[in-house]
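The values are calculated or read from the model by the stated rules, or taken from the named source; none is laboratory data. The model shown is predicted, which means the values in this text are computed figures rather than measured ones. In this analysis, Cβ positions are derived from the backbone assuming ideal geometry, glycine residues included, and neighbour counts consider all displayed protein chains. When the accessible area is computed, the model is the full protein with side chains, heavy atoms only, and any ligands, DNA or RNA have been set aside. Shrake-Rupley method; radii C 1.70, N 1.55, O 1.52, S 1.80 Å.
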Amino acid sequence: MTLTIPGLDQVRLPGTDGVELAAAVGGSGSPVVLLHGFPQTHLMWRHVAERLAGEHTVICPDLRGYGASDKPAATGPDVYSKRTMAADVVALAAALGHERFALVGHDRGALVAFRAGLDHPETLTHLGILDVVPTLDMWNVLHGVPAAVGYHLFLMAQPPGLPETMIANSADAYFASFLDAWARDPAAVPEPVRAAYLRACAAAVPSIVADYRASAGIDITHDQADQDAGSQLAMPVTVVQQDWGAQLGYDAAAVWQAWAPDLHHRLTGAGHFMAEEAPDEITDAIRDLLLR
């Protein structure tokens with residue numbers, strides 16, 4: 001059985017370069033696009049989307065390479081760059097008639113949202129980020145033994161072949177380990193949803209690895225170019241994070257302030273899967289963002 005978000009329609013929409021994205025779309029009002037993280041699909045937004053759909057048009061796509069969206073072969077570094085994935089999102093929204101929209105991303109989706117904010121400032125009205133720092137900063141803050149929390153970043157950064165083989169040979173154990181380790185409230189990801197995530201990830205190992213590999217290469221190049229140019233996010237930005245700075249020894253709010261002059265930075269007591277563990281808190285944060 002395919003799980004869906006109640007009240008939202010399942011559609012397929014064009015991204016870029018002939019890629020089609022699966023998305024759940026519903027509600028009415030100003031548009032808000034919600035991008036999922038790893039190891040999930042758009043289903044992670046089920047609670048938040050229902051809450052927002054009474055006030056906004058809510059658009060929840062599966063990123064390219066994930067869920068029911070197309071999974072093109074990684075024939076070059078740009079195929080899964082965050083620049084390309086951000087362009088997908090802009091194209092998808094335009095196909096629905098939205099030339100401007102608010103964008104909120106979690107985890108991998110937040111990195112796509114960050115890149116969209118830099119590449120398409122005229123398109124994004126507001127930007128929400130859940131539980132990441134930008135790619136360039138992410139690598140800069142991973143030092144010593146505490147960096148072991150991000151071992152998967154290093155594994156999937158390796159050249160094509162070995163990571164895909166290792167992960168495919170133990171896909172359920174690998175992807176389930178993140179659901180287990182990163183959730184403070186395991187009940188927030190009930191068994192049917194967990195099973196859907198694991199099925200989706202097992203069917204997408206090469207593209208998921210390609211997404212992460214891009215973040216150890218071309219995504220750094222793009223972020224560095226923007227940092228060198230002094231580029232900043234022009235729209236109001238809200239960042240909600242666990243207190244990773246305390247664990248890894250950096251000032252998360254300061255990292256974000258350098259990129260986002262109009263910043264609201266908030267810490268949460270929820271786990272990494274905060275949209276599922278604390279949907280009221282995350283919905284309220286998004287509503288507050290959209291009022292700025």
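Would you mind finding the one in ALA86, ALA22 that is in contact with a Ser or Thr (Cβ under 9 Å, 6 or more places away or on another chain), at pLDDT 95 or above and either closer than 18 Å to ASP107 by Cβ or crowded, with 18+ Cβ neighbours inside 10 Å (or both)? Please lay out each step first, then the result.
Working: ALA86 fails: in contact with a Ser or Thr (Cβ under 9 Å, 6 or more places away or on another chain).
Within the list ALA86, ALA22, the selection yields ALA22.
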Checklist entry - Filtering segment 255-286 down to residues that are in a helix (DSSP H, G or I) and β-branched (Val, Ile, Thr), which residue is most open to solvent (accessible area, probe 1.4 Å)? => result VAL255
Checklist outcome for this item: Of the candidates VAL133, VAL149, the one satisfying the condition of being hydrophobic (A, V, I, L, M, F, W, C), out of contact with any strand residue (DSSP E or B) (no Cβ under 9 Å at 6 or more places or on another chain), under 30 Å from THR75 (Cα atoms) and surrounded by 13 or more Cβ atoms within 10 Å (Cβ to Cβ) is VAL149
Checklist entry - In segment 121-148, which residues are under 18 Å from the mean Cα position of the chain (by Cα) and hydrophobic (A, V, I, L, M, F, W, C)? => result LEU124, LEU127, ILE129, LEU130, VAL132, VAL133, LEU136, MET138, TRP139
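Take the residues in segment 41-72 that are touching an Asp or Glu at 6+ places or on another chain (Cβ under 7 Å), touching a residue at least 40 places away in the same chain (Cβ under 8 Å) and assigned to a helix (DSSP H, G or I), then tell me which one is farthest from LEU289 (Cα to Cα).
From segment 41-72, those touching an Asp or Glu at 6+ places or on another chain (Cβ under 7 Å) are 41-42, 44, 47, 64-65, 68-70; that's our starting set.
Remaining after also requiring touching a residue at least 40 places away in the same chain (Cβ under 8 Å): 41, 44, 47, 64-65, 68-70.
Add one more test, that the residue is assigned to a helix (DSSP H, G or I), and what stays is 44, 47.
Details: MET44: 20, HIS47: 18 Å.
Top of the filtered list is MET44.
Could you check segment 152-171 and list, in sequence order, the residues that are hydrophobic (A, V, I, L, M, F, W, C) and either open to solvent by less than 70 Å² (accessible area, probe 1.4 Å) or closer than 27 Å to ALA285 by Cβ (or both)?
Quick first cut of segment 152-171, residues hydrophobic (A, V, I, L, M, F, W, C) only: 153-157, 162, 166-168, 171.
The answer is LEU153, LEU155, MET156, ALA157, ILE167, ALA168, ALA171.
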Checklist entry - What is the number of the single condition among (1) in contact with a helix residue (DSSP H, G or I) (Cβ under 9 Å, 6 or more places away or on another chain); (2) open to solvent by less than 10 Å² (accessible area, probe 1.4 Å); (3) over 28 Å from ALA270 (Cα atoms) that ALA93 does not meet? => result (1)
Next on the checklist: Take the residues in segment 184-204 that are without any contact (Cβ under 8 Å) to a residue 40 or more places away in the chain and more than 19 Å from the chain's Cα centre (by Cα); name whichever of them is farthest from HIS47 (Cα to Cα).
Outcome noted: ALA195
Checklist entry - Does segment 243-254 include one or more residues that are modelled with pLDDT of 95 or more, open to solvent by less than 50 Å² (accessible area, probe 1.4 Å) and not in a helix (DSSP H, G or I)? => result no
Next on the checklist: Based on this model, can you work out whether GLY109 counts as within 19 Å of ASP262 (Cα to Cα) and either free of Cβ contacts under 8 Å to residues at least 40 places away in the same chain or small (Gly, Ala, Ser) (or both)?
Outcome noted: no
Checklist entry - Out of all the residues in segment 73-96, is one or more free of Cβ contacts under 8 Å to residues at least 24 places away in the same chain and of a type in the set (S, T, N, Q)? => result yes
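Could you tell me which residue of segment 174-189 is least open to solvent (accessible area, probe 1.4 Å), considering only residues that are aliphatic (A, V, I, L, M) and more than 19 Å from LEU3 (Cα to Cα)? Lay out the reasoning, then the answer.
So in segment 174-189, the residues aliphatic (A, V, I, L, M) come out as 176, 179, 181, 183, 187-189.
Of the ones still in play, those that are also more than 19 Å from LEU3 (Cα to Cα) are 181, 183.
Numbers: ALA181: 76, ALA183: 16 Å².
Looking at residues that are aliphatic (A, V, I, L, M) and more than 19 Å from LEU3 (Cα to Cα), I get ALA183.
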